[in-house]
Amino acid sequence: MLAEKLPQQEFEFPYQKNSQELLEALGKKFPVLKDMKFSLAVDKQLVQENIRLKGNEEIALLPPFSGG
Amino acid sequence: MIRKPKNIFVEGPITSDRIATAIQNHSTKTTIGAHSIFLGQIRADEKEGSVVKAIEYTAYEDMALEKAFEIREAIFEKYPLTCMHIYHSLGRVHVGEISLFVFTSSKHRKVAIAACEELVERLKKELPVWGKELLGSEEATWKENT
């Protein structure tokens with residue numbers, strides 16, 4: 001659902017120093033994200049608070065889960 | 001010993017054969033007095049004037065396996081279980097077929113049942129897995145757990 005709205009499934013994104021700035025930068029680059037519900041995972045861990053980034057993390061935008 | 005995440009994913013539906021074999025495999029574990037089994041089946045929901053024919057599952061597999069492992073360890077910590085097994089489908093599963101199989105075994109029924117229920121709830125809430133509902137009209141809609 002998210003992947004369907006973005007030009008690529010996987011891509012490199014310019015360095016942002018924390019997760020809040022990353023979300024803002026992603027929102028600027030892909031305005032479609034503003035209307036979508038998703039959570040952020042950094043290196044396969046869900047991120048709730050603002051965390052510092054090093055620049056080589058694996059970032060994932062996860063829509064609401066619907067397994068089972 | 002460092003325990004590594006076990007694969008929980010199965011391509012396509014979970015067959016009754018797989019379920020029967022899982023039960024059979026426990027007949028030698030004679031401290032077990034109770035199994036609790038949860039089976040999730042694909043329901044023919046009505047959506048947007050059409051009917052669900054199948055669900056196509058995808059996952060963020062690496063994260064899902066790490067998460068399943070973490071949940072598994074927490075449930076083992078909390079309940080005196082003998083065994084715990086989790087199977088989740090990926091790819092297409094049709095209406096009436098099984099997409100989730102959770103299996104807990106213990107000495108006594110109350111523990112097995114409580115652990116099974118908690119495990120299912122946590123898996124549905126915490127695993128990065130997505131089901132796309134495929135409708136009769138060739139259209140599709142993304143489902144969301146409540």
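Considering each of B:Y60, B:Y87 in turn, give the residue that is touching a strand residue (DSSP E or B) at 6+ places or on another chain (Cβ under 9 Å) and within 20 Å of A:P64 (Cα to Cα).
Details: B:Y87 fails: within 20 Å of A:P64 (Cα to Cα).
Just a single option satisfies the conditions, and that option is B:Y60.
Within segment B:61-85, residues that are under 12 Å from B:L123 (Cβ atoms) have Cβ atoms under 7 Å from residues that are among the hydroxyl-bearing types (S, T, Y) and at pLDDT 95 or above in these pairs: B:M84/B:T104, counting only partners at least 6 apart in sequence or on another chain. For segment B:22-61, filtered to residues that are closer than 29 Å to B:K143 by Cβ and hydroxyl-bearing (S, T, Y), the residue that is modelled with the lowest pLDDT is B:S50.
Considering segment A:28-68, and only residues there that are among the charged types (D, E, K, R) and in a loop (DSSP other than H, G, I, E, B), the residue that is nearest to the other protein chains (Cβ to nearest Cβ) turns out to be A:K44. Looking at segment B:1-43, which of its residues are assigned to a loop (DSSP other than H, G, I, E, B) and either within 16 Å of the chain's Cα centre (by Cα) or surrounded by 13 or more Cβ atoms within 10 Å (Cβ to Cβ) (or both)? Matches in segment B:1-43: B:P5, B:K6, B:N7, B:I8, B:G12, B:P13, B:T15, B:H26, B:I32, B:G33, B:I42, B:R43. Applying the set (1) without any contact (Cβ under 8 Å) to a residue 24 or more places away in the chain; (2) more than 17 Å from B:E61 (Cα to Cα) to A:Q45 leaves exactly one unmet item: (2).
The values are calculated or read from the model by the stated rules, or taken from the named source; none is laboratory data. From a predicted model like this one, the values you see are computed outputs, not experimental measurements. Counting neighbours? That spans all protein chains shown, and the Cβs are built from the backbone with ideal geometry, glycine included.
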